[in-house]
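Participant: Take this structure, written in structure tokens, and hold onto it; I'll ask about it next.
The values are calculated or read from the model by the stated rules, or taken from the named source; none is laboratory data. Bear in mind that the values here come from a model prediction, so they are computed numbers and not experimental data. Cβ: placed from backbone, ideal geometry, glycine included. Neighbour counts: every protein chain shown.
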Amino acid sequence: MIEPDLRVRAVVPASLKVTYEALTDPVALRVWLAEHAEVDLPGKYEFWGRFTPDGAEPHQRVLHVDDRSIRFAWTVEGVETTSQFELDEDEDGTLVTLSQTDLPSFEDVLADKAGARGTLSTFWSLAIVNLADYLAGRELTPKCDFTSNELRTAVVIDATPDEVFDSMTRPEHFHRWFGAKVDIEPWVGGRFAMGGFEMDPGGTKFVEFEPGRKATMRYADGVTDSWELEGSEGKTRLTLVTSGFDPDNPPYAGFIGWLSGLAELRRYHELPQWRSIWRQIEVAGIPEGMFTVDQ
């Protein structure tokens, strides 16, 4: 057993056997997890490359493996952490539990002082939603390139721009697909507060707000997140851009958080009987009530 700083549980649409194969087949790992992967269990489980934090070379070491779990040490910027996948059968497929130790403090992550370890929480969230889409045969959400300081990505969603924009700016929709409590004032100068206004009373505000077309939020530190929407044949191309940051210290953690959210936003609009994949989200230091699991 490990005492994690992060524990998330999600249901993926495949049998336990097929899910385990996706976790241990290096060809599959190169699709949903990392640029490079080599696996030869029980001795080797490695992944690295531009889509992996501190990923210039592999830094993983197998600690335990059986037919339902994989635990490995992962040294990130000189700190040895422990990561673990556990699989259990579920009526909707397979319950995947991901645990991660040795995360930096929540305050350091918010202040962009946590380095590569500060990205592990959102890195794993994006990895798991991409695992779910990989197993479902769906197009994956773009990964974060840790070798670039250009934080821009685009996804196509099978819904109109007005539908997508509403789901991103109406709190009753946002909290369902993103999995977090949020308060939103949908106008220029209006506030956007992850966790609610009592948690963030005024640090983030909309500086652009064009329903169905574009919204830009500026944080207290001057960083901005922009959503640009372009419709065609009933679908929406949604472009996410993060800017205004120190190019030597890109806010990868927050950007990846948006990427993992966009994966669920796509599913929210595209699956006829949508249900969030998430069953539990626990992160040490996160204020109580910020994350919600809406079934």
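Participant: If I filter segment 181-189 for residues that are in contact with an Asp or Glu (Cβ under 9 Å, 6 or more places away or on another chain), among the basic types (K, R), at negative phi and buried (at least 17 other Cβ atoms within 10 Å of the Cβ), do I get at least one hit?
Facilitator: Within segment 181-189, none of the residues are in contact with an Asp or Glu (Cβ under 9 Å, 6 or more places away or on another chain), among the basic types (K, R), at negative phi and buried (at least 17 other Cβ atoms within 10 Å of the Cβ).
Participant: Of the residues that sit in segment 85-108 and are under 17 Å from the mean Cα position of the chain (by Cα) and at pLDDT 95 or above, which one is surrounded by the most Cβ atoms within 10 Å (Cβ to Cβ)?
Facilitator: V96
Participant: Being loosely packed, with under 15 Cβ neighbours inside 10 Å and outside any strand (DSSP E or B) is the filter here; which residues of segment 55-78 pass it?
Facilitator: Scanning segment 55-78 gives A56, E57, D66, D67, R68, E77, G78.
Participant: Let me ask something else. Criterion first (more than 25 Å from L140 (Cβ to Cβ) and in the same structural domain as L126 (by TED's automatic domain parsing)) does E77 satisfy it? If you could, list the steps in order and put the result at the bottom.
Facilitator: Numbers: more than 25 Å from L140 (Cβ to Cβ): yes; in the same structural domain as L126 (by TED's automatic domain parsing): yes.
Yes: the conditions hold for E77.
Participant: Restrict the check to segment 214-235 and report whether at least one residue is within 15 Å of the chain's Cα centre (by Cα) and surrounded by 16 or more Cβ atoms within 10 Å (Cβ to Cβ). Explain how you work it out, then say what you get.
Facilitator: Going residue by residue through segment 214-235, those that are within 15 Å of the chain's Cα centre (by Cα) are none.
Looking through segment 214-235, none of the residues is within 15 Å of the chain's Cα centre (by Cα) and surrounded by 16 or more Cβ atoms within 10 Å (Cβ to Cβ).
Participant: Tell me, please, whether a residue that is outside any helix (DSSP H, G or I), among the aliphatic types (A, V, I, L, M), within 14 Å of G254 (Cα to Cα) and outside the structural domain of G222 (by TED's automatic domain parsing) can be found in segment 113-125.
Facilitator: Yes; the residues of segment 113-125 include at least one that is outside any helix (DSSP H, G or I), among the aliphatic types (A, V, I, L, M), within 14 Å of G254 (Cα to Cα) and outside the structural domain of G222 (by TED's automatic domain parsing).
Participant: Among the candidates D92, D66, D102, which residue alone is among the acidic types (D, E) and free of Cβ contacts under 8 Å to residues at least 12 places away in the same chain? Spell out how you get there, then give the answer.
Facilitator: On the way: D92 fails: free of Cβ contacts under 8 Å to residues at least 12 places away in the same chain; D102 fails: free of Cβ contacts under 8 Å to residues at least 12 places away in the same chain.
Checking each option against the conditions leaves just D66.
Participant: Could you tell me whether E21 is more than 25 Å from W177 (Cα to Cα), in a helix (DSSP H, G or I) and of a type in the set (D, E, K, R)?
Facilitator: Numbers: more than 25 Å from W177 (Cα to Cα): yes; in a helix (DSSP H, G or I): yes; of a type in the set (D, E, K, R): yes.
When the stated conditions are applied, E21 passes them.
Participant: Could you tell me which of the residues E57, E38 is more than 20 Å from the chain's Cα centre (by Cα) and under 30 Å from T242 (Cα atoms)?
Facilitator: Values: E38 fails: under 30 Å from T242 (Cα atoms).
Just one listed residue meets the conditions, E57.
Participant: Then there is this: Restricting attention to segment 109-123, and to residues there that are surrounded by fewer than 21 Cβ atoms within 10 Å (Cβ to Cβ) and either at pLDDT 95 or above or not small (G, A, S) (or both), which single residue is farthest from the chain's Cα centre (by Cα)?
Facilitator: In this case the residue turns out to be K113.
Participant: Given (1) outside any helix (DSSP H, G or I); (2) under 24 Å from K205 (Cβ atoms); (3) free of Cβ contacts under 8 Å to residues at least 40 places away in the same chain, identify the lone condition not met by F174.
Facilitator: Among (1) outside any helix (DSSP H, G or I); (2) under 24 Å from K205 (Cβ atoms); (3) free of Cβ contacts under 8 Å to residues at least 40 places away in the same chain, F174 violates only (1).
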